[in-house]
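The values are calculated or read from the model by the stated rules, or taken from the named source; none is laboratory data. It should be emphasised that the depicted structure is a prediction, and the values quoted were computed from it without experimental measurement. Every residue, glycine among them, receives a Cβ derived from its backbone with ideal geometry; neighbour counts consider all protein chains shown. Note: accessible area is taken over every heavy atom of the protein model, side chains too, but ligands, DNA and RNA are not part of it. Shrake-Rupley method; radii C 1.70, N 1.55, O 1.52, S 1.80 Å.
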Amino acid sequence: MSEVDLSSTRADPGPPAGAVPAARGAAPAPTLLRSGAGTRADVVIGLVAALLGGLVFSWRVGTPSPWRDEAVSVAVAARTPEQIWRLVQHVDLVHAPFYFLAHALFGPSVDVVQVRWISVVAAALTAAALHGVGRRAAAVAVGPAVSRLTGATAAALFVATPFVSRYAQEARPYALVTLVATLSTYLLLRAGSGRRAGWWVGYALSLPVLVSLNTVAALVLLAHAGWALAAGPRVRWRAALAAGTGVVLALPLVVAQGRQSGQVAFLQRPAPGELLAHVDFALGSSPAALAVAGLAALVALVAARARRLVLLGVLWGVLPWPLLWGLSQVHPLWTTRYLVFVAPGTCLLLAAAVTVAVRARRAGVLGAGLVLAVALAGLHLQLVFRSPSIGHGEDLRGTAEHVAAHARPGDGLLFVPDGEYRYRVLTQVYPEAFAGLDDLALAEPAAPSATLVGTTVPARDLGAALAGVQRIWVIGGVGPVVVRTPEDREAVRLLSEGYRLVSTEEKRAFSVRLYVRTEPAAG
């Protein structure tokens, strides 16, 4: 069955008088159902998707320990708006909207669970918006009942995927980016199916918002371009004008963010295995999940009737992976969390398999089976992501609790290697655990210095800072002590010459070492 132009689709007025009814089992005529009943059905499905997403994504949201980036979100959001603005002038501009949002919602007493709720809500709303995208994208080729089931399947897959849950419980903006990318796509499809200029304006304005949250997410424009090119001339030139306007509006943000490119200097050129590892992670990290997803994708590519839905799914949910990997061979930007925004596209591609069914009942059974298989295959990983110590990869909470349980008032505190926000940020997120300790190498705290974790004293002054301190807690990474700066080398020298190591406690990604001053030799 040939697809029709989305821009020319109208509500089905019913067969003309004298028309011969369609043969039993034939595919229904394509339509974008605009009746009140159809609209109400979509609203109900969207609300159910959002509610289900909220239940799944909020489950044990406070259980995993935060990792270092989440700790930074909380620490920065707790500052005054003036202090946040001073910081983002030279570092973390890309996360400025998220910091201001968290501060506006929760104020200076913000904690990690509150910030994670921003992601929970954003991901839940994404599920609802994804139903709208899937329904409209499938309606170009299949009847309203099957297209509605396709959208519902995409939304349910989004909720069931462990990869989505992982970042729906992250105190960072990745779920918010995914929501904006999905809403932007919906605005494009909505604009193309109507004649109101307001939808095009909304689409154009969504693009600078998307870029302000994550520049990499602009790769979703590839999917938008593919959809527009397949939609016909009327939609094509309007989409080009709206997207071009949005890109022009976003350019100042791109330039400003580019000046802070040193922030991602730690990223390395990815090996081929990292691309495969991301695919494994994104699709469920189990043979069963990979098999189910692979089969659904194969069916969608070979047999699905909604070809433009498949195109949208491939360009949004698949192409950005190898594209970012290839770009990172020249300018490293590869990290899994930058690709969370592709998850809705992947779900759309898998849900396209539902359109192989002619009858709505068969489509419903097929969609339910697909969602159930993905949910069961990913259940183990859902539990892993909610583990207290390993859920988010680092155990800041356990590290702080160990220090709080064993430290004494007047003890000293060092971070080796120093200058890495992953370590000193502990004192901002868990200040009560370090309240009685003296941060010996800290020259100026984070907020007054407009830095992430503060400034440190030069190597020549470390000796004076350690004078008279009997016990020193040293926090760093697991394994051998790493030194990267002259200050690190001086700290290690002073510890080795004047102190002895009496205990080591290792948490996930952190070590806590206690050094006690060596008694001077008898004269």
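Residues being in a loop (DSSP other than H, G, I, E, B) and farther than 18 Å from Leu309 by Cβ: count how many of those fall in the range 351-384. Show your work before the answer.
Just the residues of the range 351-384 that are in a loop (DSSP other than H, G, I, E, B), to begin with: 357-359, 378.
Now narrow it down to the ones that are farther than 18 Å from Leu309 by Cβ: 359, 378.
Counting residues in the range 351-384 that are in a loop (DSSP other than H, G, I, E, B) and farther than 18 Å from Leu309 by Cβ gives 2.
Of the numbered criteria (1) touching a residue at least 60 places away in the same chain (Cβ under 8 Å); (2) within 18 Å of Gly226 (Cα to Cα); (3) not aliphatic (A, V, I, L, M), the one Trp321 fails is (1).
Can you name the residue in the range 291-312 that is of a type in the set (Lys, Arg) and open to solvent by less than 50 Å² (accessible area, probe 1.4 Å) and, of all such residues, is farthest from Arg135 (Cα to Cα)?
Top of the filtered list is Arg305.
Listed by position, the helices (runs of 4 or more DSSP H) enclosed by the range 182-297 that each have at least 1 residues that are farther than 30 Å from Ala373 by Cα are 197-213, 220-229, 233-258.
Is it the case, given these coordinates, that Arg234 is open to solvent by 50 Å² or more (accessible area, probe 1.4 Å), modelled with pLDDT under 90 and within 20 Å of Leu187 (Cβ to Cβ)? Full working, then the answer.
On the way: open to solvent by 50 Å² or more (accessible area, probe 1.4 Å): yes; modelled with pLDDT under 90: yes; within 20 Å of Leu187 (Cβ to Cβ): yes.
Here the answer is yes, as Arg234 does meet what is asked.
For Val483, the criteria (1) at pLDDT below 95; (2) assigned to a strand (DSSP E or B); (3) hydrophobic (A, V, I, L, M, F, W, C) hold in every case but one, which is (2).
Of all the listed residues (Leu462, Leu426), the sole one being more than 25 Å from His90 (Cβ to Cβ), in contact (Cβ under 8 Å) with a residue 12 or more places away in the chain and open to solvent by less than 30 Å² (accessible area, probe 1.4 Å) is Leu462.
The helices (runs of 4 or more DSSP H) found entirely in the range 77-176 that carry 2 or more residues being among the hydroxyl-bearing types (Ser, Thr, Tyr) and over 24 Å from Thr335 (Cβ atoms) are 144-160. Within the set Ala288, Ala223, the sole residue that is assigned by the TED database to the domain that holds Leu370 and surrounded by 15 or more Cβ atoms within 10 Å (Cβ to Cβ) turns out to be Ala223. Given (1) open to solvent by less than 10 Å² (accessible area, probe 1.4 Å); (2) modelled with pLDDT under 95; (3) not polar (S, T, N, Q), where does Gly194 come up short, assuming only one miss? The one condition Gly194 does not meet is (1).
Filtering Ala343, Ala352 for residues that are crowded, with 20+ Cβ neighbours inside 10 Å, under 27 Å from Arg172 (Cα atoms) and not acidic (Asp, Glu) leaves a single hit, Ala343. No other residue among Val94, Val88 is over 27 Å from His380 (Cα atoms), open to solvent by less than 10 Å² (accessible area, probe 1.4 Å), in the same structural domain as Pro208 (by the TED database) and of a type in the set (A, V, I, L, M, F, W, C) apart from Val88.
Per-residue answers, yes or no, for (1) of a type outside the set (Val, Ile, Thr); (2) over 26 Å from Gly62 (Cβ atoms); (3) open to solvent by less than 20 Å² (accessible area, probe 1.4 Å):
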position	(1), (2), (3)
His402	yes, no, no
Gly412	yes, yes, yes
Gly419	yes, yes, no
Tyr430	yes, no, no
Asp439	yes, yes, no
Pro458	yes, yes, no
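The set of residues in the range 299-343 that are aromatic (Phe, Trp, Tyr) and either within 22 Å of Gly367 (Cβ to Cβ) or part of a helix (DSSP H, G or I) (or both) comprises Trp316, Trp321, Trp325, Tyr338, Phe341. Of everything in the range 60-84 that is touching a helix residue (DSSP H, G or I) at 6+ places or on another chain (Cβ under 8 Å) and open to solvent by 40 Å² or more (accessible area, probe 1.4 Å), the residue that is farthest from Val453 (Cα to Cα) is Pro81.
So is Ala443 in a strand (DSSP E or B) and either farther than 18 Å from Ala71 by Cβ or among the polar types (S, T, N, Q) (or both) or not?
Criteria met by Ala443.
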